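The values are calculated or read from the model by the stated rules, or taken from the named source; none is laboratory data. Worth saying up front: this structure is predicted, and the values here are computed from it rather than measured. Neighbour counts run over all protein chains shown; Cβ positions are idealised from the backbone, glycine included.
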Amino acid sequence: MAKKTGSKKAIQKSYQDYLLTEGRTPDTVRIFTNYAKISDEDFFKVFGNLDAIESSIWMGYYSNTLDILGKDNDFESMTGREKHLSFLFTLLELMKADRSYILFRMSANLKDLEHAGPRYLAATRRMVMDAEVDWVQPPSFVPEKGLKIAKSGYKNALWQHSIAMIHFWIKDDSAGAVDTDAFVEKSTRTLFDLGELPALDSVIDLGKFFLQKIGFSKTAV
């Protein structure tokens, strides 16, 4: 059988298929490339190792979300709360097509989750922290000299909130995932409408709880 093309998208799809078919990660690049029907050379033209595939998959969810929002003519006129809701719901919509993969990968029963979790999600945190996320602003009572630190904290809260949403979604068995929609609405209201530091602390604590559930150590958050 002829070798397949080794495009980034094709390799990502083959990797997701491998996980869902075999129930585990491939032990070596050669095992994976044989499965994907591509050469090792074609693989290494795109990725340096197997871990980089999953990092790219998860970074793609976030970068595509930001790209979509950036092209929305109405986005800039939205309030901070509306922008954050758009961010979360757009991210969720993009992930729906890969629900089986996400459900499998973030399942608490996956034996290598604690080891793999930080690697494939850490890059998404860096992306959010580096992005121009202007809808997460510290409240007015934060002194000017503390704005930079406070804004960084809010960006981290945004990322933690997105991970908490994903974890809630994969556990959600309600029709049409209406419980996830409610979670997004209620938790976003806590973060934006109250505008109090204790409210932010509660969101961060919620995020840390979910992150620990999916394999991040306390020091990672």
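Within segment 1-51, how many residues are closer than 21 Å to ILE102 by Cα and surrounded by fewer than 16 Cβ atoms within 10 Å (Cβ to Cβ)? Outline the logic, then answer.
To start, the set of residues in segment 1-51 that are closer than 21 Å to ILE102 by Cα comprises 8-27, 32, 35-36, 47, 49-51.
Remaining after also requiring surrounded by fewer than 16 Cβ atoms within 10 Å (Cβ to Cβ): 8-9, 13, 17, 20-24, 27, 35, 49, 51.
Matching residues across segment 1-51 total 13.
As an exercise: evaluate PHE209 against (1) modelled with pLDDT under 85; (2) part of a helix (DSSP H, G or I); (3) crowded, with 19+ Cβ neighbours inside 10 Å and give the number of the one condition it does not meet.
So the condition that PHE209 fails would be (3).
How about segment 12-33: which of its residues are within 24 Å of the chain's Cα centre (by Cα), closer than 13 Å to LEU50 by Cα, of a type outside the set (Lys, Arg) and not in a helix (DSSP H, G or I)?
The answer is THR25, PRO26.
Starting from residues that are of a type in the set (Asp, Glu) and surrounded by 15 or more Cβ atoms within 10 Å (Cβ to Cβ), keep the ones in segment 62-112 and report whichever is modelled with the lowest pLDDT. Give the derivation first.
Of all residues in segment 62-112, those of a type in the set (Asp, Glu) come to 67, 72, 74, 76, 82, 93, 98, 112.
Those left that are additionally surrounded by 15 or more Cβ atoms within 10 Å (Cβ to Cβ): 82, 98.
On the way: GLU82: 89, ASP98: 94.
My answer is GLU82.
Can you tell me which residue within segment 64-102, out of those that are in a loop (DSSP other than H, G, I, E, B) and closer than 20 Å to THR188 by Cβ, is nearest to the chain's Cα centre (by Cα)? Before the answer, list the steps.
Of all residues in segment 64-102, those in a loop (DSSP other than H, G, I, E, B) come to 71-74, 78-79.
Now drop any that are not closer than 20 Å to THR188 by Cβ, which leaves 72, 74, 78-79.
Details: ASP72: 21, ASP74: 24, MET78: 23, THR79: 23 Å.
Out of the qualifying residues, it is ASP72.
Identify the residue in segment 45-81 that is of a type in the set (D, E, K, R) and touching a residue at least 24 places away in the same chain (Cβ under 8 Å) and, among all such residues, is farthest from VAL128 (Cα to Cα).
Start the filter on segment 45-81 by keeping residues that are of a type in the set (D, E, K, R), which leaves 45, 51, 54, 67, 71-72, 74, 76, 81.
Restricting the remaining residues to those that are touching a residue at least 24 places away in the same chain (Cβ under 8 Å) gives 45, 51, 54, 81.
On the way: LYS45: 27, ASP51: 20, GLU54: 17, ARG81: 17 Å.
In this case the residue turns out to be LYS45.
Right, ALA97: under 24 Å from ASP172 (Cα atoms), assigned by TED's automatic domain parsing to the domain that holds VAL184 and of a type in the set (Gly, Ala, Ser) or not?
Values: under 24 Å from ASP172 (Cα atoms): yes; assigned by TED's automatic domain parsing to the domain that holds VAL184: yes; of a type in the set (Gly, Ala, Ser): yes.
It is true that ALA97 is under 24 Å from ASP172 (Cα atoms), assigned by TED's automatic domain parsing to the domain that holds VAL184 and of a type in the set (Gly, Ala, Ser).
Give the residues of segment 155-193 that are among the basic types (Lys, Arg) and either outside the structural domain of ARG99 (by TED's automatic domain parsing) or under 22 Å from TYR101 (Cα atoms) (or both), sorted by residue number. So that I can check it myself, show each step before the final result.
To start, the set of residues in segment 155-193 that are among the basic types (Lys, Arg) comprises 155, 171, 186, 189.
Listed by number, the list holds a single entry, LYS171.
For segment 160-176, which residues satisfy the criterion of being free of Cβ contacts under 8 Å to residues at least 40 places away in the same chain and either within 16 Å of ARG105 (Cα to Cα) or assigned to a helix (DSSP H, G or I) (or both)?
Pass one, segment 160-176, residues free of Cβ contacts under 8 Å to residues at least 40 places away in the same chain: 171-176.
Within segment 160-176, LYS171, ASP172, ALA175, GLY176 qualify.
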